[in-house]
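Here's the structure we're looking at; comments come further down.
The values are calculated or read from the model by the stated rules, or taken from the named source; none is laboratory data. Since this is a predicted model, take the numbers as computed values, not measurements. Heads up, the Cβs are rebuilt from the backbone with ideal geometry, glycines too, and the neighbour counts pull from every protein chain shown. Each accessible area value is taken on the protein alone, full model and side chains, heavy atoms only, with ligands, DNA and RNA left out. Shrake-Rupley method; radii C 1.70, N 1.55, O 1.52, S 1.80 Å.
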Amino acid sequence: MQRIAEHKGCGTTGGDGKASCGSAAGQGDLPAEIWEKVKNHPCYSEEAHHHFARMHVAVAPACNIQCNYCNRKYDCANESRPGVVSEKLTPEQAAKKVIAVASVIPQMTVLGIAGPGDPLANPAKTFKTFELVAETAPDIKLCLSTNGLALPDYVDRISKYNIDHVTITINMVDPEIGAKIYPWIFWNHKRYTGIEAARILSEHQLRGLEMLTARGILCKINSVMIPGVNDKHLVEVNRAVKARGAFLHNIMPLISAPEHGTVFGLAGQRGPSAQELKALQDECQGEMNMMRHCRQCRADAVGLIGEDRSAEFTTDKIMDMEVNYDLTARRAYQAAVELEREAKLTAHEEELSALAGEESDLTMLVAVATKGSGLINEHFGHAKEFQIYEISVRGAKFVGHRRVDMYCQGGYGEEDTLETVIRAINDCHAVFVAKIGGCPKADLAAAGIEPVEEFAYEFIEKSAISWFRAYLAKIASGEIAHRPRGDAEIRQGGLIIAA
Ligand code: CLF
Ligand code: SF4
């Protein structure tokens, strides 16, 4: 194992009951043409992220602005978590990598270009890559993430290449706040600083957003929540982007520590706690879809959101790989997912109907160990993250995730690690797992978090509601008293990856 520096990122997750793409929005919630665009996109649909994968290719090294949460030694913090320096690719290498990944991972449905700098500060490489992929793998959706400075100049090309999904990172609409986040921008052969730089950036971002939505391109807005700098202001940003037709808002926590070497990290600027982040996301949740499942992934990430298989697809390995781009197999996988989705939805609705007539104001969080497919299918000790669901008499909905170090290292548990896991899910009343050992079970229970194994390998939402019904029954019978939980920590430390 290797410990590497880790810092900030781009996305978040969201979700509430309604047409929330960040939540479990289904076909019934969205117009058919929008559903077609989002149903297999793991970032634009929370529900899809349990089944479908994305990949990024790192073809865009240069950037045209400086963010105080970015260290250029790593990747773009707006759409990537800079755990390690990405392997830079030429457009031709990138296109080959896309086909190689699609051959091995049939659930990979989206190619994103997200850095390591800004894709539109590297337009030739970015658009050449999209062009090559569109020729060889026409069923893969194309996705772009940008800081927005150069966006108005490239809207026509984005539209021409059928790039249906564009993310713009917008952290402010007030240049005075912007000046605290961006020390400079480089535009029109000139460097601008301070409030003027932030004003130009904000104008371009909002104009670019209007131009894209006017063309029917789905736009997601990423915002980094920086406590004391733009946290309260992000409500205004939410209103501004909603008014301009943004489809989804992804408010992500600033991840900042001195070892990241960023301006914010060195200045001791903290990131938000789990409760602070959720409160802001909830405040912005209205007609606007909120994304809460973002994992702030790297500019060369490959796999389901939350997993990273990029090490399997280095340039050396790709060149030796036998590529078999099998469209039939890919379609068969997607058809199987549709069936699984239906089964999951039916199970959720059936369980929910058993709650009908139940009256309770209780809203609680539970953590889930999952490897994907919407199932409780991971052992506690092997979980590298826990998904967080909010449950109430209205049902179970995904509201976030918490990354942790694996508790079980080489067959035995690490006590220090268990403490960090407990801090990461401290706001939860229960943790649902496929299996758990005796020691962590006792420690979790002592911390007030109930370990739940009885729903192993079952659907998450259905199981959470079933557990909630039993919980309400125990309160009604006087067997237990409900106690609120405290806050939880969003991890700021080093990312551990397999060497
Ligand atoms: Fe990549 Fe971004 Fe497209 Fe997704 S990521 S370019 S929209 S395909 Fe997704 Fe990753 Fe979060 Fe980005 S989880 S960092 S939101
Ligand atoms: Fe870094 Fe540029 Fe991305 Fe900002 S937009 S996080 S400066 S690469």
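Just the number, please: carbon plus sulfur as a percent of the accessible area of the range 100-242, 1.4 Å probe, no ligands or DNA/RNA counted.
Using a 1.4 Å probe with all protein chains present, the range 100-242 comes out at 49 percent carbon and sulfur.
Using only the Cα atoms of the range 253-326, build the gyration tensor, take square roots of its eigenvalues as a ≥ b ≥ c, and label the shape rounded, prolate or oblate: rounded if a/c is under 1.5, else prolate if a/b is larger than b/c, else oblate.
In terms of gyration-tensor shape, oblate.
Can you tell me how the range 300-365 classifies by the Cα gyration tensor, rounded, prolate or oblate, using a/c under 1.5 as the rounded cut? Numbers along the way, then the final one.
Values: a/c = 8.25, a/b = 2.17, b/c = 3.80.
Since a/c reaches 1.5 but b/c is at least a/b, the shape of the range 300-365 is classed as oblate.
What residues of the range 413-447 lie in the reach of a label at His482, counting those whose backbone N is under 18 Å from a point 7 Å from the Cα along Cα→Cβ?
The answer is 427-431, whose backbone nitrogens lie closer than 18 Å to the label point.
So what's the net charge close to Glu359: Lys and Arg +1, Asp and Glu -1, counting the other residues with Cβ under 15 Å from its Cβ? Walk me through the numbers before you get to the answer.
Numbers: positive: Arg394, Arg469; negative: Glu358, Asp361.
Net of charged neighbours comes to 0.
May I ask you to give the average projected area over all directions of the convex hull of the Cα atoms of the range 279-433, in nm² rounded to one decimal? Display every interim value, and only then the final one.
On the way: hull surface 52.9 nm².
Taking the Cα atoms of the range 279-433, their convex hull projects to 13.2 nm² on average.
Might you report the magnitude of the Cβ-based charge dipole of the range 228-311 about its Cα centre, with Lys and Arg at +1 and Asp and Glu at -1, to the nearest 20 debye?
Computed charge dipole of the range 228-311: roughly 140 debye.
When you have a sec, figure out the Kirkwood radius of the chain from all distinct Cα pair distances and drop it here in Å to one decimal?
About 22.9 Å, per the Kirkwood formula over Cα pairs.
Leaving out ligands, DNA and RNA but keeping every protein chain, what accessible area does Leu304 have, in Å² rounded to the nearest 10, with a 1.4 Å probe?
Its accessible surface works out to 20 Å², give or take rounding.
Please compute the length gained on full extension between Ile195 and Glu36, using 0.36 nm multiplied by the number of residues separating them and subtracting their Cα-Cα distance.
53.2 nm
Taking the simple approach of a point 7 Å from Cα along Cα-to-Cβ for both Leu362 and Ala332, what is their distance in nm?
4.6
Once the Cα gyration tensor of the range 123-209 is diagonalised, what are the square roots of 5 times its eigenvalues, in whole Å and ordered largest first, as equivalent ellipsoid semi-axes?
Whole-Å semi-axes of the equivalent ellipsoid: 29, 13, 10.
Give the percent of DSSP beta bridges with both residues in the range 109-254 that are antiparallel, rounded to the nearest 5.
Here the share of antiparallel DSSP bridges comes out near 15 percent.
Could you compute the net charge surrounding Met55? Neighbours are other residues with a C-beta less than 9 Å from the C-beta of Met55; K and R count +1, D and E count -1. Walk me through the numbers on the way to the answer.
Details: positive: Arg54, Lys97, Arg309; negative: Asp300.
Taking every Cβ under 9 Å from that of Met55, the sum is +2.
Expressed as a rounded percentage, what relative contact order does the chain have, with Cα pairs under 8 Å and six or more residues apart?
Worked out over the chain, it gives 19 percent.
Of all DSSP beta bridges in the chain, what percent run antiparallel (nearest 5)?
Taking every DSSP beta bridge with both residues in the chain, the antiparallel ones total about 50 percent.
Where Lys and Arg each count +1 and Asp and Glu each count -1, what net charge lies around His41 among other residues with Cβ under 9 Å from its Cβ?
Working: positive: Lys37, Lys39, Arg54, Lys141; negative: Asp164.
Local net charge: +3.
Among rounded, prolate and oblate, which fits the range 190-284 when a ≥ b ≥ c are the square roots of the eigenvalues of its C-alpha gyration tensor, a/c under 1.5 means rounded, and a/b larger than b/c means prolate?
Oblate shape, in that a/c is at least 1.5 and b/c is the bigger or equal ratio.
For the range 97-163 and the range 378-407, what is the separation of their C-alpha centers, rounded to whole Å?
Here the answer is 31 Å between Cα centres.
How far apart, in nm, are two points set 7 Å out from the Cα along the Cα-to-Cβ line at Tyr325 and at Ser373?
Between Tyr325 and Ser373, the label points sit 2.8 nm apart.
Explain nothing, just the number: relative contact order of the range 95-235, from Cα pairs under 8 Å at least 6 residues apart, as a whole percent.
Answer for the range 95-235 is 22 percent.
How much accessible area per residue does the chain have, in Å², with a 1.4 Å probe?
On a per-residue basis, the chain sits at 39 Å².
Quick one: putting +1 on the C-beta of Lys and Arg, -1 on the C-beta of Asp and Glu, what dipole do you get for the range 327-372 around its Cα centre, in Debye to the nearest 20?
My answer is approximately 600 debye.
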